[in-house]
Amino acid sequence: MTSCGRYEITKPLGAGGMAEVFEGVAVSGGGITREVAIKRLPAGRILSDNARTMFFDEARIASHLNHANIVGIIDYGEAEGAPFLVMEFVDGVDAKIAQDEIGNGKIPPGLALHICTEIAYALAHAHEVTGANGEPLGIVHRDVSPNNILLSWEGD
């Protein structure tokens with residue numbers, strides 16, 4: 001098992017253009033644990049200052065978002081030269097898997113409308129959030145795709 005600071009990586013979940021995502025466990029004193037998702041820039045890869053800056057900017061911006069339909073940022077750090085984000089873990093599947101593997105290529109219209117409505121609420125929150133000075137942060141999500149839409153087994 002690999003670790004990122006006090007977070008233990010338990011299994012890979014996926015990889016995107018810039019980062020890898022893992023399921024993990026936050027380990028605290030007294031045996032308290034919490035399931036988390038860990039997003040990190042690939043260990044051992046030569047990282048440009050620009051990649052590190054973009055990754056840190058994502059963490060900084062996402063830390064301002066507090067909405068039921070947006071995965072929360074728990075922590076940010078660096079381990080063995082690789083920056084990482086620790087996020088809430090969503091126990092479920094992404095919309096691409098739901099469509100292809102569970103829905104045989106389709107998501108029922110009522111469910112699709114519900115998902116789209118919840119995405120719209122999340123995007124509205126992100127677009128309207130302000131900083132400590134009350135000024136809009138100007139957040140624009142540039143990667144709304146089925147792979148980035150998480151659907152929990154509880155229906156969230």
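The values are calculated or read from the model by the stated rules, or taken from the named source; none is laboratory data. Please read all numbers here as calculations on a predicted model, not as lab measurements. Heads up, the Cβs are rebuilt from the backbone with ideal geometry, glycines too, and the neighbour counts pull from every protein chain shown. Note: areas computed on protein heavy atoms with side chains; ligands, DNA, RNA excluded. Shrake-Rupley method; radii C 1.70, N 1.55, O 1.52, S 1.80 Å.
Overall size of segment 45-111 from C-alpha positions, given as principal axis extents largest first: 43, 29, 19 Å.
Nonpolar atom fraction for the chain, defined as the carbon and sulfur part of the 1.4 Å probe accessible area, stands at 54 percent. Accessible area per residue for the chain, computed on protein heavy atoms with a 1.4 Å probe, is 62 Å².
Please label the shape of segment 1-92 as rounded, prolate or oblate, based on the square roots a ≥ b ≥ c of the eigenvalues of the alpha-carbon gyration tensor (a/c under 1.5 means rounded; beyond that, a/b larger than b/c means prolate, else oblate). It is oblate, given that a/c is not under 1.5 and a/b is not larger than b/c. Straightening the chain between residue 118 and residue 154 buys 11.5 nm, computed as 0.36 nm per residue apart minus the Cα-Cα spacing. Over all pairs of different C-alpha atoms in the chain, the reciprocal of the mean inverse distance, the Kirkwood hydrodynamic radius, equals 17.0 Å. Distance between the 7 Å Cα→Cβ label points at residue 52 and residue 68: 4.0 nm. The calculated Kirkwood hydrodynamic radius for segment 89-156 is 13.4 Å, given to one decimal from all distinct C-alpha pairs.
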